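The values are calculated or read from the model by the stated rules, or taken from the named source; none is laboratory data. Here the structure is a predicted model, which means the values were calculated and not measured. Cβ sites come from the backbone with ideal geometry, for glycine too, and all protein chains shown count toward neighbours. Areas reflect the complete protein model, heavy atoms only, side chains present, ligands, DNA and RNA absent. Shrake-Rupley method; radii C 1.70, N 1.55, O 1.52, S 1.80 Å.
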Amino acid sequence: MVTLEKIESSRERFMPLLLEADEAEVVVRAYIDEGDLYAVMSDAVEVGVVLFIRDGDDLEIKNLALAPEHRGRGIGTAVLGAATDLARRTGASRLIVGTSDSTPGTIRFYERAGFRRYGVREGFFDAYPEPIWTDGVRARDMVMLEIPLAVEPT
C-alpha cells in the first residue's frame, strides 16, 4: 500500500531524491521550500517524495521522484492516484504536471495514469544553468499535462 506522509521537518534531507526528477540543484533550491512536501511510503518504507505547489485553483506536482530501486513496481502509478485524491480533498479544479519533451516514457507514464496534454512551455529548459540531456536528446520544452477534477458535492 502506498501512502503520502506530509513532511513538517527540514526538507534538505530530501534533496538527493528531488534531484532524481530535476537535475539542476539551483532550480530545486528555488522551489524546495514552497508548497507541501510528502514522503512516499510503501509498506511503511520511505521510497520517494512528491512536492505539490498550489497555483490558483490548480495543484501542481512540481517534483515526484522514487528511489531507483523502487521504480517499475507500480508505486509511481499509486502515487498519482493518491495525488489525485489529495488534489480533490484540497478543492483543486485540476491536478497538473510538467515534464521534459525529451522524456517520452515519462509523458506516456502520466498519460497512462489519466493525464492529458494541455500545453507546452516553450524554451523552459533552455533557461537551466546546464543543458539537460535524456538518451541523447536535449530538453527544450516542458510538456504540460492535466487531470480535470470534478467538484464533489457537499
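Any residue that is farther than 21 Å from THR77 by Cα and either of a type in the set (S, T, N, Q) or over 14 Å from the mean Cα position of the chain (by Cα) (or both) - is there at least one of those in segment 35-52? For segment 35-52, residues farther than 21 Å from THR77 by Cα and either of a type in the set (S, T, N, Q) or over 14 Å from the mean Cα position of the chain (by Cα) (or both): absent.
Under the condition of being of a type in the set (Gly, Ala, Ser) and within 15 Å of the chain's Cα centre (by Cα), which residue from segment 106-154 is farthest from THR77 (Cα to Cα)? Top of the filtered list is GLY114.
Say whether the condition of being closer than 20 Å to ALA92 by Cβ and open to solvent by less than 70 Å² (accessible area, probe 1.4 Å) is met by at least one residue in segment 25-34. There is at least one residue in segment 25-34 that is closer than 20 Å to ALA92 by Cβ and open to solvent by less than 70 Å² (accessible area, probe 1.4 Å). Answer with yes or no whether SER9 is farther than 22 Å from GLU146 by Cα, more than 12 Å from the chain's Cα centre (by Cα) and of a type outside the set (Asp, Glu). Answer is yes for this residue. The residue that is farthest from TYR128 (Cα to Cα), counting only those in segment 1-24 that are assigned to a loop (DSSP other than H, G, I, E, B) and open to solvent by 30 Å² or more (accessible area, probe 1.4 Å), is MET1.
Among the listed residues ARG73, ARG140, identify the single one that is open to solvent by 50 Å² or more (accessible area, probe 1.4 Å), in a loop (DSSP other than H, G, I, E, B) and either in contact with a helix residue (DSSP H, G or I) (Cβ under 6 Å, 6 or more places away or on another chain) or of a type in the set (Val, Ile, Thr) (or both). Only one candidate qualifies: ARG140. Of the residues making up segment 100-137, those that are without any contact (Cβ under 8 Å) to a residue 12 or more places away in the chain and assigned to a loop (DSSP other than H, G, I, E, B) are PRO131, GLY136. Of all residues in segment 80-96, none are surrounded by fewer than 20 Cβ atoms within 10 Å (Cβ to Cβ), within 12 Å of the chain's Cα centre (by Cα) and either within 22 Å of VAL28 (Cα to Cα) or among the acidic types (Asp, Glu) (or both).
Of everything listed in (1) over 13 Å from the mean Cα position of the chain (by Cα); (2) open to solvent by 20 Å² or more (accessible area, probe 1.4 Å), the single unmet condition for LEU64 is (1).
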